[in-house]
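Worksheet: the structure to be examined is printed underneath.
Any read-out appearing in this document is the output of simple, stated calculations on the displayed coordinates, not a laboratory observation. Everything numeric in this text was worked out from a predicted model, so none of it was measured. Please note: Cβ atoms are built from the backbone with ideal geometry, for glycine as well, and neighbour counts cover all protein chains shown.
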Amino acid sequence: MEMNTSYQLYGAPTGNCIRAAIALEEAGLPYTVRAVDLVNGEHRSAAYLALNPVGKVPVLVEDQQNGPPVVITQSNAIMLYAAEKAPGRLLPDDSLARAVVYERFFFFVTDVIAVSHAAFFLRGSGGVPEGQARLVERMLAALESAERFVDKEPYMAGKTFSIADIAAFTITQSVESQLPWAQLPNLRRWYEQIAARPAFARGLKVFNAR
């Protein structure tokens, strides 16, 4: 682990930013939070657009002693980068176990989170209630199906904590009140277990008071 390396995480209290922060916390990487005021358009300022020309959050900047900084502008890429910087913490060493992590991680990214984002877009684009409702229904059904992932294992991709748990938790938290928890005892047990992790809890809150 490169403890002498300095990282800066630009973001706001959004799911994508929170996932990136949790990954850094769980990887044990030292970083400084740079809050971006989305309401007042800070993400459209010249200084921010110099980091990310599309004006989105989060952005991770890694300072380099002998060269220009590394700039990563996509939340999933930040998570994978953090995992590589801290071997064994967010991805297992075994290649087969790692493949399972990738499979579950991308299940949540594509089948749950992306569908949720699409539903949110429809809600804010003039109102397409029927389409939004169908997307929400599809997203919740996919999320509820994750009950099987934690039927016999403590984590979403097996016996160890991974990036799959980060992706799964943040979207689960965002729709917590809409889930039939009485029918999802394994998911409930997993959810409470992840929430109790100190590093995870820190990552969840880093943008709250900024």
Highest to lowest packing among 17-29, 152-164, 133-145, scored as the average C-beta count within 10 Å = 17-29, 152-164, 133-145
Return one quarter of the surface area of the convex hull spanned by the alpha-carbon atoms of the chain, equal to its mean projected area, in nm².
-> 12.8
Whole-Å distance, taken between Cα centres, linking region 14-49 and region 184-210 | 18
Dimensions (Å) - region 95-197, Cα atoms, principal axes, largest first = 44, 31, 21
With -39,500 (n - 2.57) per DSSP H segment of 4 or more residues and division by the full residue count of the chain, the 222 nm estimate, nearest 500 deg cm²/dmol, is -14500 deg cm²/dmol
Count, lysine Cα pairs under 29 Å in the chain, 8 or more residues apart or across chains | 5
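Out of the DSSP beta bridges found with both residues in region 7-89, what percent are antiparallel (nearest 5)?
Values: 7 of 12 bridges.
Rounded to the nearest five, the antiparallel share is 60 percent.
Roughly how big is region 107-186's charge dipole about its Cα centre, with Cβ charges of +1 (Lys, Arg) and -1 (Asp, Glu), in debye to the nearest 20?
100
Under a Cβ-only charge scheme (Lys and Arg +1, Asp and Glu -1), can you give me the dipole magnitude of region 41-119 about the Cα centre, in debye to the nearest 20? Spell out each step's value before the answer.
Values: 6 positive and 8 negative charges, 34 e Å.
Its charge dipole is roughly 160 debye.
For the chain, what is the charge dipole size about the Cα centre, in debye to the nearest 20, if Lys and Arg each add +1 at the Cβ and Asp and Glu each add -1 at the Cβ?
Values: 20 positive and 21 negative charges, 57 e Å.
About 280 debye.
Please list, by residue number, every one of the chymotrypsin sites (Phe, Trp or Tyr not before Pro) in region 83-132 that is coil in DSSP and has at most 16 other beta-carbon atoms within 10 Å. Walk me through the numbers before you get to the answer.
Working: sites: Y102, F105, F106, F107, F108, F120, F121; in loops: none.
Of the chymotrypsin sites (Phe, Trp or Tyr not before Pro), not one in the loops of region 83-132 has a Cβ with at most 16 other Cβ atoms within 10 Å.
Quick check on the chain: of the DSSP beta bridges with both residues there, what percent are antiparallel, nearest 5%? It would help to have the intermediate numbers written out before the result.
Details: 8 of 13 bridges.
That works out to approximately 60 percent antiparallel.
For Cα pairs less than 8 Å apart in space and 6+ apart in sequence, what is the mean separation divided by the residue count of the chain, i.e. the relative contact order in percent? Present the calculation step by step, with values, prior to reporting the outcome.
On the way: 297 pairs, mean separation 52.9, N = 210.
For the chain, the relative contact order is 25 percent.
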Between V100, A82, P68, whose Cα lies farthest towards the positive end of the dipole of region 59-106 when Lys and Arg beta carbons carry +1 and Asp and Glu beta carbons carry -1, centred on the Cα centre?
-> V100
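For region 7-89, what's the relative contact order in percent, using C-alpha pairs closer than 8 Å and at least 6 residues apart? Don't jump to the answer; show the numbers that get you there.
Numbers: 122 pairs, mean separation 30.0, N = 83.
Relative contact order of region 7-89: 36 percent.
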